[in-house]
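Everything below concerns the one structure shown next.
The values are calculated or read from the model by the stated rules, or taken from the named source; none is laboratory data. Just so it is clear, the structure is predicted and the values come from calculations on it, not from any experiment. Counting neighbours? That spans all protein chains shown, and the Cβs are built from the backbone with ideal geometry, glycine included.
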2 protein chains.
Amino acid sequence: MTDLPDTNLVMLTLVKPEGELEVFLERRPMPNPAPHEVLVKVLATPINPSDLGLLLGAADMSTARASTRDGLPLVTADIPAPGMRAMAGRIGDALPIGNEGCGLVVKAGSSPEAQALLGKTVALIGGEIYAEYRCLPAQMCMLLPDGTDPRDGASCFVNPLTSLAFTETMRMEGHSALVHTAAASNLGQMLVKICAKDGIPLVNIVRSEAQVALLKSIGAAHVINSSDEDFMDQLTAALTETGATCGFDAIGGGKLAGQILACMEAAAVKRMASYSRYGSDTFKQVYIYGALDLGPTILNRSFGLTWSLSGFLLTPFLQKAGREVNMRLRQRVVDELTTTFKSHYSHEISLTDALALDIIAEYNAKRTGEKYLIRPHG
Amino acid sequence: MTDLPDTNLVMLTLVKPEGELEVFLERRPMPNPAPHEVLVKVLATPINPSDLGLLLGAADMSTARASTRDGLPLVTADIPAPGMRAMAGRIGDALPIGNEGCGLVVKAGSSPEAQALLGKTVALIGGEIYAEYRCLPAQMCMLLPDGTDPRDGASCFVNPLTSLAFTETMRMEGHSALVHTAAASNLGQMLVKICAKDGIPLVNIVRSEAQVALLKSIGAAHVINSSDEDFMDQLTAALTETGATCGFDAIGGGKLAGQILACMEAAAVKRMASYSRYGSDTFKQVYIYGALDLGPTILNRSFGLTWSLSGFLLTPFLQKAGREVNMRLRQRVVDELTTTFKSHYSHEISLTDALALDIIAEYNAKRTGEKYLIRPHG
C-alpha cells in the first residue's frame, strides 16, 4: 500500500463557450484521504449510457478530431447551436466523469469505517471514477466479498438498482406486471431474472430475433420483436395475458412509448363491459428512463385520457424510497452479484483507448449486447 | 304543464360495422318520469369539443353526405379503417348525445326532491341532452335561480367544473401557479377569472394577437402568443416570474406540450446552483385534457427526467376529489354563474341546423371564439 504514484490520471469533459467539446486525460496530484475517506485503486468501470450523456454532451461526434496535450489524448468536437442551449449550465467547467466502478482500497482515513475497508474490494458510486484512483467517503463504497472479480463488481449500482427500482415502483404504484424495452440489455437481463424470481409477469420488447432468442434462453416468457409486422397485435396479446399497465422505456425517442400505451389501452378496453368515448378507466403508466433514441417522442394518443408518461431517474427514486428500502436493495445486489446481477462486457479498454475516435464511435453506438468496461490499470 | 307532445325529438350517432357513421334525428315516445325523476324541456345545450368526439367519432367528415329518413335529417360519413379500431366498442349502438344543458322542469315524479323542481329552471348533466326533452333523476339537475337565462345555464358543468378542477389539481399536487393553452376559449376565460379571484399566477398561451387582446381586456397578466418568433423566450420568462410547474393543454397534438415542459425546465435550471446532466429536480407536470389538434404529440425531451405528461378527465377527478369538494365547486358555479362562469356563444342553432353539413363543418373546426348553442325549441 506504500508504492502509490504521485499523480492520478483522470478523464475530464469540458464544454467551451465557443461551442466546442473537449474530452481529455489529465494528470492530477494523488489525493490523500481525509479521516472519513478511502483511496480506491479503480480496477474496472463500465461505460453506461448515463455516462455518455455527460461525456459527449450535445457534441456532433461526426466532427470529432483526435490530438494530444502534454502527451495525453485530447478529443475535440463541435457542438451545434441548439445543443449549446442545453449545455449552458456546464460551460467552462472541466467535469470529471464515471458513475460507478469496482476497486481495491489502497489507503484509508483514520476513522474506523474507513480503516475497516483497507485492503478490501469495494464497489463505488459517485462520479469521477474514469480515473486510476478515486478518493471518496467510505459510505459511498459497498463492501464486496474478498476475491470478487472486478468485472463482477464494476456495475453494482446503476443497472442492479435501476432494475430493482422498476419492480419497487410497480408495486408502490399498484401495478402487478411490467413492460420493458431494449430488454436484451444488461439491465434487461437483470430484470428478467428479478421478475422470474419474484413472480412478476414481464413483457420484454426487443428489436431482433437474436435478442428474442437471447432472452428466451435465460427464461423470459414474453419476448416481442418490435420489427415484426404484427408487433402491435403481439404486444396487445401479451398485455392482455399479463395485465401489465406499467412500462419502462430505455429508448425514449420514436413511437414505442406511445405504442405501449395504445396496446395497454386495447387490452384494457377488451375488459370493459360498455363503450366510453373517453376510453378505459384503467390507469396506464410508461416511464422513460433512457434515451437510446435521442429523437422526439411521438405519441399518437390513441389511449384515452387515463395515462401518464413520465421521466424516471434512479437517484430521486432512492431518495423517496428511504433508507430501509435502499439497504434492502443493496443487500440483494451483493447477495446475487454473480447470478441475477451478473453483467456482461463485450470489450475491455484502457483510459487512453476510451479516447480513440474509432472506439468512441463504437461505444457511442450503444448497441445492445455491446458493453464497454474501462480497466484503468490494464 | 299539460300540453306535452306525444313524441320527443332526439339526436343519435351510430357507427355501422361496414365503416360508416350515421348521425340523425329520431322521434321517440315522450318519456314519463319515474318517482325520483323529472322531465326537463331542454332550452339550451352547448356543443363542446367533448360532445364532438362522440358525435362524429373517427369519421372522415370530408366524405359526409346529407339526406333524410322519415322526413328527418340524416348525415352519413365514411370511417377510415384505423378509426374503426377505436370505434370497436360502439359499433351497432345508436348512442344519444349532449353532455349538458339548461331547461325547465315540466313534469316531475312523485318523490319530494323531484316535486321540488317542478316549474324550476335547472342545469342538467348526464348525456342525451341534444333533444327536445330529457327525463333524468332529480339529483342530476342543479337548481338555478328563477329567471336564469337558459344561455347562462347551458354550460354549468363541463367548462366551469373543469376550470375549477385545474386549480384544485394544482393545489393538491403541490404546485403554486398554472399554465393554460388555447386560453382564449370560454374555459380559458373562466380560468383567468378564477385565478384572478383566487390569487393564482396564470400563464395563458394563445395563437393570435386578437386573443392576446381579448384576455388582457379581462385582466389576464401573462398572455403569450405562440405564433411569436420569440415564443419560447417569452414563455420561459413568464414561467420564471410565476414559478408555474403545472400546465393544462387543450390542444394535445404538436409540439406545444413539450415546449411548455422545456420552458418550465429552463426556468427551473436558472434557479439551480450547479449543473446536473439530468436536468433540474423540479417536478414538471403537463396534463392534456383536449384534442383540438388530433395529430401526434411531439416531445423533444429537452427537459431532464423529472417530468410527467398525463391525460386529464373531469369525471375521474371529481370521483377522486370526493363529495365535499364536489358540493363546494358546484355551489361556486351557481354563485358566480353570470360573472366568472359566463359563457359566450357565437351561434344559436336548432337540432335540425346541427345536422346541416355546412354548419357541422363550422362547429367541427373548433375555432377559438366560436361556440355553438343548440336551442331545441328555438
Inset, instruction - Can you give me the number of residues within the range B:70-111 that are surrounded by fewer than 19 Cβ atoms within 10 Å (Cβ to Cβ), more than 14 Å from chain A (Cβ to nearest Cβ), over 22 Å from B:Asn32 (Cβ atoms) and among the small types (Gly, Ala, Ser)? - result: 1
Inset, instruction - Any chance you could count how many residues in the range B:227-280 are crowded, with 22+ Cβ neighbours inside 10 Å, over 23 Å from A:Lys255 (Cα atoms) and of a type in the set (Val, Ile, Thr)? - result: 1
Legend entry - Residues of the range A:17-56 satisfying the condition of being free of Cβ contacts under 8 Å to residues at least 12 places away in the same chain and either among the polar types (S, T, N, Q) or closer than 15 Å to A:Cys102 by Cβ (or both): none
Legend entry - Qualifying residue in the range A:304-323 (condition: free of Cβ contacts under 8 Å to residues at least 24 places away in the same chain, assigned to a loop (DSSP other than H, G, I, E, B) and over 17 Å from A:Glu100 (Cα atoms)): yes
Legend entry - Filtered residues of the range B:299-309 (kept if under 24 Å from B:Val206 (Cβ atoms), buried (at least 18 other Cβ atoms within 10 Å of the Cβ) and at the interface with chain A (Cβ under 7 Å from one of its Cβ atoms)): B:Leu299, B:Ser302, B:Trp307, B:Leu309
Inset, instruction - Looking for whichever is within 23 Å of A:Ala123 (Cβ to Cβ), part of a strand (DSSP E or B) and not acidic (Asp, Glu) here; the options are A:Leu39, A:Leu74. Which one fits? - result: A:Leu39
Legend entry - Options A:Ser62, A:Ser50, A:Ser67; residue that is surrounded by 13 or more Cβ atoms within 10 Å (Cβ to Cβ) and among the polar types (S, T, N, Q): A:Ser50
Inset, instruction - Could you list, in sequence order, all residues of the range B:11-45 that are in contact with a Phe, Trp or Tyr (Cβ under 7 Å, 6 or more places away or on another chain) and buried (at least 23 other Cβ atoms within 10 Å of the Cβ)? - result: B:Met11, B:Leu39, B:Val40, B:Val42, B:Thr45
Inset, instruction - Check whether at least one residue in the range B:123-140 is surrounded by fewer than 22 Cβ atoms within 10 Å (Cβ to Cβ), farther than 22 Å from B:Pro35 by Cα and in the same structural domain as B:Ala356 (by TED's automatic domain parsing), and report yes or no. - result: no
Legend entry - Residue list for the range B:324-336, filter: in contact (Cβ under 8 Å) with a residue 24 or more places away in the chain, among the hydrophobic types (A, V, I, L, M, F, W, C) and out of contact with any strand residue (DSSP E or B) (no Cβ under 9 Å at 6 or more places or on another chain): B:Val325, B:Leu329
Legend entry - Candidate set from the range B:316-338 (those that are closer than 17 Å to A:Ser308 by Cα and surrounded by fewer than 17 Cβ atoms within 10 Å (Cβ to Cβ)); member that is nearest to the other protein chains (Cβ to nearest Cβ): B:Pro316
